[in-house]
Amino acid sequence: MKDTFKHKGLREQLVKTVASKGITDENILNAIRKIPRHLFMDSGFLDHAYQDKAFPIAADQTISQPYTVAFQTELLNIEKESKILEIGTGSGYQTAVLCELGTKVYSIERQQELFKKTSNFLPKLGYRPKKLIFGDGYKGLPEEAPFDGIIVTAGAPFVPNPLLSQLKIGGRLVIPVGADVQTMTLIIRKGPKEFEKQEFGDFRFVPLLEDKN
Ligand code: SAH
């Protein structure tokens, strides 16, 4: 697991690109500056690691585009020690960003292969999420609720009700909603039964899969 000056230089470029697309939060930019994204990808794709693009990882999934990771993270409005639930651990890159921001991260992944790989890998880089869970993100994580923020990193055909009910009052759910193309959606819980919704344009994600059984 090598991280060289060349990688660091490429990350500086990536930070500039992400900032030029409108990301201003210094803590998020610093996380991108620090996290060795190339180590989250299969070795064949090393050259692509610091382009602002999504790329394939194991199990037919993708590591999200850095700009998208930054944009979703910005919408969460994180404070240190926030309790965050992530749906779709995948490569663990977004999880690492949340760890860098000092949050308590819980993350759910439904592909066993990725769950195992990422559970092994993150601690090697020094990232220690509170809990990584092998399971179905549609159900959320009721035993650890409520959360300050919930971030869904796969395209959801609809907003799962359990996620809404697991938000704190004032908590924020960031979720791309739609079939082929997804609308980035922010839902803020204003009261026990009151939710406010804002939309932020189109993105493309791999689908949030529903369990058939
Ligand atoms: N956050 C990841 C993005 C991975 S892509 C990263 O930074 O790399 C989305 C991930 O969501 C995939 O790993 C996919 O397996 C997972 N996923 C899809 N449906 C899911 C579900 N119902 N519950 C939990 N994870 C799911």
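The values are calculated or read from the model by the stated rules, or taken from the named source; none is laboratory data. A quick note: this is a predicted structure, and the numbers were derived from the prediction, not measured. Here Cβ is always computed from backbone atoms with ideal geometry, including for glycine, and neighbour counts include all displayed protein chains. Heavy atoms of the whole protein, side chains included, go into the accessibility calculation; ligands, DNA and RNA do not. Shrake-Rupley method; radii C 1.70, N 1.55, O 1.52, S 1.80 Å.
Annotation: of all residues in region 92-112 being charged (D, E, K, R) and surrounded by fewer than 24 Cβ atoms within 10 Å (Cβ to Cβ), the one that is nearest to the ligand (Cβ to nearest atom) is Arg110.
From the list Thr89, Thr4, Thr73, the one residue that fits, being more than 9 Å from the ligand (Cβ to nearest atom), under 11 Å from the mean Cα position of the chain (by Cα) and of a type in the set (Ser, Thr, Tyr), is Thr73.
Residue under question is Thr62, and the condition is that it be under 22 Å from Leu114 (Cα atoms) and open to solvent by 40 Å² or more (accessible area, probe 1.4 Å); does it hold? The answer is yes for Thr62. If the condition is being under 15 Å from the mean Cα position of the chain (by Cα), in a helix (DSSP H, G or I) and of a type outside the set (A, V, I, L, M), then region 103-118 contributes Phe115, Thr118.
Of everything in region 146-166 that is farther than 18 Å from Phe71 by Cβ and in a loop (DSSP other than H, G, I, E, B), the residue that is most open to solvent (accessible area, probe 1.4 Å) is Phe158. Condition first: under 20 Å from Glu79 (Cβ atoms), open to solvent by 20 Å² or more (accessible area, probe 1.4 Å) and free of Cβ contacts under 8 Å to residues at least 60 places away in the same chain. Can you find one or more residues in region 170-180 that meet it? Yes, the conditions are met somewhere in region 170-180. I'd like the full set of residues that are under 20 Å from Phe71 (Cβ atoms) and either outside any loop (DSSP other than H, G, I, E, B) or aromatic (Phe, Trp, Tyr) (or both), limited to region 167-182. Answer for region 167-182, where residues must be under 20 Å from Phe71 (Cβ atoms) and either outside any loop (DSSP other than H, G, I, E, B) or aromatic (Phe, Trp, Tyr) (or both): Leu167, Gly171, Arg172, Leu173, Val174, Ile175, Pro176, Val177, Gln182. Of the set (1) within 14 Å of the ligand (Cβ to nearest atom); (2) open to solvent by 40 Å² or more (accessible area, probe 1.4 Å), all apply to Lys130 but (1). From the list Ile78, Ile23, Ile28, the lone residue that is within 17 Å of the chain's Cα centre (by Cα), in a helix (DSSP H, G or I) and buried (at least 18 other Cβ atoms within 10 Å of the Cβ) is Ile28. Scoring Phe45 on the criteria (1) open to solvent by less than 10 Å² (accessible area, probe 1.4 Å); (2) part of a helix (DSSP H, G or I) leaves a single failure, condition (1). For first residues located in region 92-104 and of a type in the set (S, T, N, Q), partners that are more than 7 Å from the ligand (Cβ to nearest atom) and lie 6+ apart or on another chain with Cβ distances below 6 Å form the pairs Thr95/Val105; Thr95/Ser107; Thr95/Pro129; Thr103/Ile78; Thr103/Ser82; Thr103/Ile84. Of all residues in region 113-124, those that are within 10 Å of the ligand (Cβ to nearest atom) have Cβ atoms under 7 Å from Cβ atoms of residues that are of a type in the set (Gly, Ala, Ser) and not in a helix (DSSP H, G or I), 6 or more apart or on another chain, in Glu113/Ala58; Glu113/Ala59; Leu114/Ala58; Leu114/Ala59; Leu114/Gly90; Thr118/Ser91; Thr118/Gly92. The set of residues from region 189-203 being within 25 Å of Tyr67 (Cα to Cα) and crowded, with 17+ Cβ neighbours inside 10 Å comprises just one member, Phe203.
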